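What follows is calculated from the coordinates using simple rules that are stated; it is not laboratory data. Keep in mind that what you see is a predicted model, and the values were worked out from it rather than measured. As a convention, Cβ positions derive from the backbone with ideal geometry for all residues, glycine included, and neighbour counts pool all protein chains shown.
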Amino acid sequence: MEQLERGIGDNRQTLPRIRVSEKAFNSLTAYLGGCGPVDAEFAAGATVGDVVRRFGVPYERVYLVLVNGRDITSGLGCLVNLDRELEEGDVVMLSGPALYSRGYGAPVV
């Protein structure tokens with residue numbers, strides 16, 4: 001377990017960690033080395049943005065993010081919520097635009 005910097009008055013030996021699983025689809029599979037799940041450990045309080053940054057995925061290429069199967073965008077055509085905090089055991093799925101999707105300018109039916 002990696003030791004992280006502690007704040008003043010924090011008597012813990014290490015900060016709490018969480019394990020989450022990431023999956024990538026469509027054009028983002030190259031960033032995670034395929035579409036199979038990748039398990040990673042983060043500091044407690046980590047966000048979806050931390051996952052995106054850890055794997056070097058350019059933010060503008062992220063079209064859809066599902067956390068435990070639920071879409072965390074606020075609506076059609078809205079930006080992805082990178083500030084969403086993660087919990088132990090969460091599954092984060094990242095997707096780039098799919099062919100015939102609004103990401104490529106096609107209407108979604």
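So, by mean Cβ neighbours within 10 angstrom, what's the order for 58-66, 24-32 with the highest one leading?
Per-residue Cβ counts within 10 Å, averaged per peptide and sorted highest first, yield 24-32, 58-66.
Please state the equivalent ellipsoid semi-axes for the stretch 17-103: what are the square roots of 5 times the Cα gyration tensor eigenvalues, largest first, in whole Å?
20, 15, 11
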